[in-house]
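Beneath this line is the structure, given in structure tokens, with notes to follow.
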Amino acid sequence: MTVAGTGLAIETRGLSKRFGHQDAVDDVDLTVPAGTVFGFLGPNGSGKTTTIRMLLGLASATRGEATVLGQELPGALSSVLPRIGALVEGPAFYPFLSGTANLMRLDSADRYASGSTRRSRVDAALDRVGLTHAAGKRVKAYSLGMKQRLGLASALLSPRELLVLDEPTNGLDPQGTREVRNLIRSFADDGATVFVSSHLLSEVEQMCTHAAIMSAGRLVAQGGLDELRRVGDAHVTVVTPDAERARRRLAAFGFVTDEPAEGSGRVRATVAVEAAAAPESIVAALVADGVRVRGFTVEQVTLEERFVALTGEGFDVVR
Amino acid sequence: MSSAEPGPARAIGERAPLGSPSGEGESRHPSLGISLLVSELSVIYRRPRTWALLAALAAVPILIAVAVRLTDDGPQPGRGPPFLDSITNNGLFVGFTALVVCIPLFLPLTVGVVAGDTIAGEAGHGTLRYLLIVPAGRVRLLLVKYVGAAIFCLSATLTIVLAGTVIGFALFPLGDVTLLSGDTIGPGESTLRLLLVAGYVTVSLLGLSAVGLFISTLTDVPVGAMAATIVIAVASQVVGALPQLAWLHPWLLSNHWLGFGDLLRQPISWDSFGANALLQLGYIALFGALAYGRFTTKDVLS
Ligand SMILES: Nc1ncnc2c1ncn2[C@@H]1O[C@H](COP(=O)(O)OP(=O)(O)O)[C@@H](O)[C@H]1O
Ligand SMILES: [Mg+2]
């Protein structure tokens, strides 16, 4: 019953889902350490929601396995799900019932939730997302942002070890987005693992400690945010009349130099970030070799560029 | 899990002292589906649509009674629906007449709406995924949905009977009732018989509810499931009216729908009630199994 065994809240191996001829999720090996705020990043249609549906037992996997909170799915679903609070593909409620009545309904579907504390837990959850004043209104009259908050409240009706939140800030104004971000941080402070999907890098950078990046159904990168920033390429450009000597020196540092541009007096070279030496030691070595360094710049790929490089640019849904 | 254990496996929420939900499943006592059923009924009966359906059913006996009352010479014996000509002598017949009028279409219509909506309606609202995540349990949810639809069937027939009785008492005299066997019974016993007939009609609708439940697991579009369920009820009666298909009649959902005459004899004959109940049970078993097979393996993508 423990996540302490592996220290992982979610682990998938080769998880795949095929819709017709399309691999919506393709061979995903996800590793979500317990206690993290984990960003599940990817453009629209990259398979985030489909992955989440499989993790929650809503859809069966075509191939692969998943372990959630230390238990194998789908066999252990009935004992795992009570430990998870979730928001999938936007909030959904009975429009003709009030916010309170909707939460009461969901909670009474929970076999393990006590009926005697139901009302107070519903009120506490509504209070936590700032909906106390609208609690008696029919959901029909709620704005999208209010529904989104009610959805978050529904994930909080009982104590949870894992929160799976699918694009929780969709449809929220900047103020609402900030509040949701704070809420997510407070869940994490309470000790829960938060698995939050988003198509916005900036959002993940602001609230997550770890992230995985999806592109067209495949998992293309994952790890700590710092770790993700570190992978990728660093470029240096040396302005010097001694191009040949500089090139040799940079090669010794592991750099691959670009095709020299004739007579430009510039040498541009690339190396993987994790293998890059400190810029000052590169300059010192160049100078020691007698390279007349007239200019030296280092560019490191930002996470944003990396995200774009991994997932493709632009507004178009890939598939 | 001891609470002293370090690590992030702690739960959030103000109930933490009650024990984290990671406690062994066996040590916690899952409740039966009672609170879910209560909640299901409150969703059905807090829905404006349900009351619109029941109001439409209640309008039938009222319409009949008012029409008969406003006609000076009263209905011709032997014409129109059964019992219609008896209404002027006895208000108790309003309920009987209205039930008979509602059986072919109005009742299947309302039951089709509620039974067709069971799963597809939740899928359409998107609430199905949240119920399953809670987790309500797929089998438990299916059972509760069926029981909810069955209770609606009962409330639908009782609505007709109740509205018919009230308007009958208001507009017509109250008297003894002559049964089909020729015996005469007083108003008290007549009311009992009326309730028996309502029970018979309710049982008649249980098979259709199971059909609707199954169709409802096939789609995320509730209107489609409702329409398909109603079409099946009508088609069954059309086939039942074709003598060329007589071999099929004993298996038709609607075969015994109008067979409650046995309950209006002295002594009561339970044969048709039993045959009807058996047939409906068959439908419940068959379509319940189909619904189970479909719903427990279905990908919920709504
Ligand atoms: N019910 C479905 N039937 C067929 N294809 C689907 C279905 N749901 C999602 N897909 C496809 O699977 C892919 C991934 O979708 P989804 O998981 O919703 O992406 P995301 O949540 O990352 O935006 C998309 O290409 C989408 O068209
Ligand atoms: Mg999505």
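Quick notes
- Total residues in region A:20-46, condition within 15 Å of ligand 2 (Cβ to nearest atom) and surrounded by 20 or more Cβ atoms within 10 Å (Cβ to Cβ): 9
- Selection count, region A:139-158, where residues are of a type in the set (S, T, N, Q) and open to solvent by 20 Å² or more (accessible area, probe 1.4 Å): 1
- Looking across region B:60-79, the residues that are at pLDDT below 70 and either under 26 Å from the mean Cα position of the chain (by Cα) or open to solvent by less than 70 Å² (accessible area, probe 1.4 Å) (or both) come down to B:G74, B:P75.
- Meets criteria (more than 8 Å from chain B (Cβ to nearest Cβ) and within 16 Å of ligand 2 (Cβ to nearest atom)) for A:S98: no
- Test: residue in region A:260-276 that is open to solvent by less than 60 Å² (accessible area, probe 1.4 Å), within 16 Å of ligand 2 (Cβ to nearest atom), modelled with pLDDT of 80 or more and out of contact with any Ser or Thr (no Cβ under 7 Å at 6 or more places or on another chain): no
Every residue, every condition in (1) away from ligand 1 (no atom under 16 Å from the Cβ); (2) surrounded by fewer than 21 Cβ atoms within 10 Å (Cβ to Cβ); (3) aromatic (F, W, Y); (4) assigned by TED's automatic domain parsing to the domain that holds A:L225, yes or no:
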| site | (1), (2), (3), (4) |
| --- | --- |
| A:R18 | no, yes, no, yes |
| A:A76 | yes, yes, no, yes |
| A:V80 | yes, no, no, yes |
| A:P91 | no, no, no, yes |
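- Qualifying residues in region A:284-316 (those that are part of a loop (DSSP other than H, G, I, E, B) and open to solvent by less than 80 Å² (accessible area, probe 1.4 Å)) - the one modelled with the lowest pLDDT: A:G314
- Which listed residue is open to solvent by 30 Å² or more (accessible area, probe 1.4 Å) and facing chain B (nearest Cβ under 7 Å), from A:G130, A:G115, A:G136, A:G70: A:G115
- Qualifying positions in region A:149-166 - within 16 Å of ligand 2 (Cβ to nearest atom) and either more than 19 Å from the chain's Cα centre (by Cα) or away from chain B (no Cβ under 14 Å) (or both): A:G151
- Any chance B:R10 is modelled with pLDDT of 90 or more, surrounded by 14 or more Cβ atoms within 10 Å (Cβ to Cβ) and facing another protein chain (nearest Cβ under 9 Å): no
- Just one of (1) part of a helix (DSSP H, G or I); (2) surrounded by fewer than 14 Cβ atoms within 10 Å (Cβ to Cβ); (3) at pLDDT below 75 fails for A:S281. It is (3).
- Top-ranked residue of region A:182-233 - restricted to ones that are farther than 16 Å from A:E304 by Cα and small (G, A, S), ranked as farthest from ligand 2 (Cβ to nearest atom): A:G191
- Some residue of region B:176-188 being in a helix (DSSP H, G or I), under 11 Å from the mean Cα position of the chain (by Cα) and farther than 30 Å from A:A86 by Cβ: no
- Count of residues meeting criterion [within 16 Å of ligand 1 (Cβ to nearest atom) and either polar (S, T, N, Q) or not in a loop (DSSP other than H, G, I, E, B) (or both)] in region A:30-50: 9
- Set A:A86, A:A59: member being in the same structural domain as A:V180 (by TED's automatic domain parsing), touching a residue at least 60 places away in the same chain (Cβ under 8 Å) and within 16 Å of ligand 1 (Cβ to nearest atom): A:A86
- Only a single item in (1) in contact (Cβ under 8 Å) with a residue 24 or more places away in the chain; (2) more than 16 Å from ligand 2 (Cβ to nearest atom); (3) surrounded by fewer than 24 Cβ atoms within 10 Å (Cβ to Cβ); (4) among the β-branched types (V, I, T) is not met by A:T49, and it is number (2).
- When A:E89 is tested against the conditions (1) at the interface with chain B (Cβ under 7 Å from one of its Cβ atoms); (2) within 13 Å of ligand 2 (Cβ to nearest atom), the lone failure is (1).
The values are calculated or read from the model by the stated rules, or taken from the named source; none is laboratory data. These numbers come from a predicted model, not from an experiment. Cβ atoms come from the backbone with ideal geometry, glycine included; neighbour counts cover every protein chain shown. Quick note on the areas: whole protein, heavy atoms, side chains included, nothing else; ligands and nucleic acids left out. Shrake-Rupley method; radii C 1.70, N 1.55, O 1.52, S 1.80 Å.
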